[in-house]
Amino acid sequence: MSTARITPDSTVVGPARTGVTPGRVLRSEWHKFWTLRSTWVTLSATSLLVLGTGLVMAAGHEPDGGESGGVGDPVVLTLIGIQFGQIILTVLGVLFSAGEYSTGMIRASLTAVPKRLPVLWAKAAVFTAVTLVIGTVTVFTTFLLAQLFLSDTDMGASLTDPGIARAVAGTAVALTLLGVLGLGLGALLRSVPGAIGAFFAGVVILPEVLSAVPSDAVRSAVAYFPARASESLGAVRQIDGGLSDGTALLTLCLWAAAALGAAGWLLKRRDV
């Protein structure tokens with residue numbers, strides 16, 4: 001039976017709204033996300049490292065000194081600090097999902113939302129929205145400030161130049177999707193150390209090991225690993241052996257979706 005909500009002047013304004021709704025689950029996860037100390041620390045560290053590294057690289061760049069990483073790409077040069085950001089945001093994604101299992105808070109969350117899956121989708125939505133916004137602001141700010149040092153060098157570029165804005169935006173998208181992959185791994189493995197270890201082993205280390213295998217087929221397959229796809233998405237010019245922009249974006253989306261899908265499938269079938 002629905003109940004009416006009565007205002008202080010005894011006016012009945014309609015039935016009281018009760019129950020679980022997508023909006024309420026989303027709001028709950030939003031509050032959880034921002035009440036974690038790790039959220040503020042990791043987001044701040046990501047922005048500062050990407051910005052600081054980009055400015056140092058730009059200020060120290062010598063046109064003929066080979067300091068551009070050997071690729072002659074102004075976006076790769078100025079946003080080289082994104083490698084730190086990818087690791088930090090992945091850890092944040094793991095903490096946001098697997099952290100509830102380590103504290104036991106997940107029991108309360110799933111008791112309040114018996115269908116379970118809305119909790120995972122809400123976590124993913126909140127994390128994606130926040131990291132995409134902060135990542136986009138960070139990379140565009142870093143690129144523009146770095147160009148103050150590079151404008152008169154061989155690495156001078158403008159956002160209106162062909163491929164520049166796309167590569168900068170692609171860097172932000174890749175940063176976000178790798179973080180979502182970390183969130184999915186955390187929800188899948190339910191262990192902070194386990195998920196972080198799996199990310200480093202499978203995403204960071206394994207592609208480097210496979211790259212040393214003297215096989216063209218293996219090297220071609222390595223291009224579809226998340227870290228390599230993110231490199232392709234954030235480059236102005238297509239990397240040798242790398243993926244096209246569309247393929248790289250699709251690859252990262254599929255990796256993130258696979259991790260979340262597997263986590264959701266097990267969430268419905270495993271006990272808390």
Scattering profile of region 115-171 at q = 0.22, 0.28 Å⁻¹ [log10 I(q)/I(0), Debye over alpha-carbon scatterers]: -0.84, -1.09
Rounded to the nearest 20 debye, dipole of region 116-270 from Cβ charges on Lys, Arg, Asp, Glu: 1080
Assigned charges on the beta-carbon of Lys, Arg, Asp, Glu; the chain dipole about Cα centre (debye): 1980
Estimated inter-spin distance, Ile239 and Ala165, nm [label 7 Å along Cα→Cβ]: 2.5
Descending Cα extents along the principal axes, region 212-272, whole Å: 46, 28, 13
Apportionment of accessible area to carbon and sulfur, the chain, percent (1.4 Å): 66
Residues Trp265 and Leu110, FRET efficiency given R0 of 22 Å [Cβ-Cβ distance, rounded to 0.05]: 0.90
Mean projection area, nm², convex hull over Cα of region 32-112: 6.5
Extension gain (nm, one decimal) between Ala45 and Asp152, 0.36 nm per residue minus Cα-Cα: 35.5 nm
Highest-first arrangement of 170-182, 114-126, where packing means the average Cβ count within 10 Å: 170-182, 114-126
Principal semi-axes in Å for region 107-235 [√(5λ), Cα gyration tensor, largest first]: 32, 24, 11
Residue-span extension gain [Leu210 to Leu145] - 0.36 nm each, minus C-alpha spacing: 19.7 nm
Ratio Rg/Rh [Cα only; Rh per Kirkwood] for the chain: 1.08
Per-peptide average of other Cβ atoms within 10 Å, ordering 75-82, 146-153, 249-256 highest first: 75-82, 249-256, 146-153
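The values are calculated or read from the model by the stated rules, or taken from the named source; none is laboratory data. Quick caveat, the model's predicted, so the values are computed rather than measured. Cβ atoms come from the backbone with ideal geometry, glycine included; neighbour counts cover every protein chain shown. The accessibility values were calculated without ligands, DNA or RNA, using every heavy atom of the protein model including side chains. Shrake-Rupley method; radii C 1.70, N 1.55, O 1.52, S 1.80 Å.
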